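Everything below concerns the one structure shown next.
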Amino acid sequence: MQKLLKPVALSLLTVISLQTKADILSNVQAKGTLNCGVSTGLVGFSSTDSAGKWKGLDVDMCRAVAAATLGDANKVKFVPLTNKERFIALQSGEIDLLSRNTTWTITRDASMGMNFAGVNYYDGQGFMVNKSLGITSAKELDGATFCLKAGTTTELTLADYFRSNHMNYKIAISDTAAQAIKGFATGRCDALTSDQSQLYALKTTLKNPSSAIILKDVISKEPLGPVVRQGDDKWFNIVKWSLNVMISAEEMGITSKNVDKAFKNPEASRLLGRSGKLHDYLGLDKKWSYNIISQVGNYAQSFDRNVGKDTPLNISRGLNALWTQGGILYSPPFR
């Protein structure tokens, strides 16, 4: 028996040894750029503008990590990925970080060699239908055909919902969001189902956005956030606390416009690297968090310019408001 066990033990030791040697920070700093996986195009989260510049809530997460580790939020190579490609790209090392409206689940967290570094958008699965149908509730969609994307949690959640409500349905699967909304627009399906944030984004691409409505029904919890490979705790902490910098900065009233002012709050002083040695714990420059705030902004600034009420998406903060303002957005303390 001992002879049979030894190869297994050695194999495990080899895996642990390889994981211990992983140093993504050093690799990123050596090449001078962060490879960040994003969507193939989702307005408000990760898409390109008319000048070809990447913008969005998830894009800002990439830029925040680049600012923290390289001192420059623009040193990012954006890698557009479909739902099917995203996890393989992360696991293989093609990208250093995945910031692509990805739902945190136990399966993904515990069986796929990945770590979720937090939640940058609390979401839930919903439905979009043509206003002309006169439908006001998902319970009226018995027998409907749904457009949805492959490789997401959407299909499983839809199955659970219809099974629990003793309803029937059909699906029309697409590889990308663009294909799914095209299917909806051309009548391939009766309804489009996805995370509500995606529905708001896709609705803006319709020829006549006012012809469709997003139902109030939310049938799941979809915590979306940045993902890293397992095996490098330092990198995991860097990404996690880069997100927390943006959230904490909003909590403390620190923005890209006033970041150079003096703040009496001791935690704000630690956050900005003016006292203490929090940066040492992450192996970063003393200005790592200052660089995030000054170059990318706090969470509110990112939300408002990408998906907020002054954008075509017109999304209210809702659950994504600070815990002090009726939401559940919350950062652990900087101490």
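The values are calculated or read from the model by the stated rules, or taken from the named source; none is laboratory data. The shown structure was predicted, so the numbers you read here are calculated from the model rather than taken from an experiment. Note that we place each Cβ from the backbone using ideal geometry, even for glycine, and neighbour counts take in every protein chain shown. Areas reflect the complete protein model, heavy atoms only, side chains present, ligands, DNA and RNA absent. Shrake-Rupley method; radii C 1.70, N 1.55, O 1.52, S 1.80 Å.
Numbers for the structure displayed
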item	result
Average accessible area per residue (Å²) across the chain - probe 1.4 Å, nucleic acids and ligands excluded	48 Å²
Phi-based couplings in Hz for region 55-67 (Karplus 6.51, -1.76, 1.60; Gly and Pro marked x)	9, x, 4, 6, 4, 4, 5, 4, 5, 4, 5, 5, 4
Positive-end extreme of charge dipole, the chain - chosen from 300, 214, 180 (charges on Cβ)	300
Nearest-20 debye value, the chain charge dipole, Cβ charges on Lys, Arg, Asp, Glu	420 debye
Under-5 Å amide H pairs with residue 212, H placed in peptide plane, nonlocal only	131
Loop-located trypsin sites (Lys or Arg not before Pro) in region 232-282 whose Cβ has at most 16 other Cβ within 10 Å (DSSP)	257, 261, 264, 274, 277
Low-density loop positions, trypsin sites (Lys or Arg not before Pro), region 121-194 - DSSP coil, at most 16 other Cβ in 10 Å	188
Positive dipole terminus of region 230-271, leading residue within 245, 265, 231 (C-beta point charges)	265
The chain - percent of accessible surface contributed by carbon and sulfur, probe 1.4 Å	52 percent
Whole-number percent relative contact order across the chain, with pairs defined as alpha carbons under 8 Å at least 6 apart	22 percent
For a label point 7 Å along the Cα-to-beta-carbon line of residue 211, residues of region 170-187 with backbone N under 14 Å	181-187
For residue 39, distant residues with modelled amide H under 5 Å away	81
5 angstrom amide H check on residue 321, placed H, neighbours 5+ away	327, 328, 329
21 Å Cα-Cα threshold exceeded, pairs from 84/149; 77/309; 131/203; 149/170; 240/264	77/309; 240/264
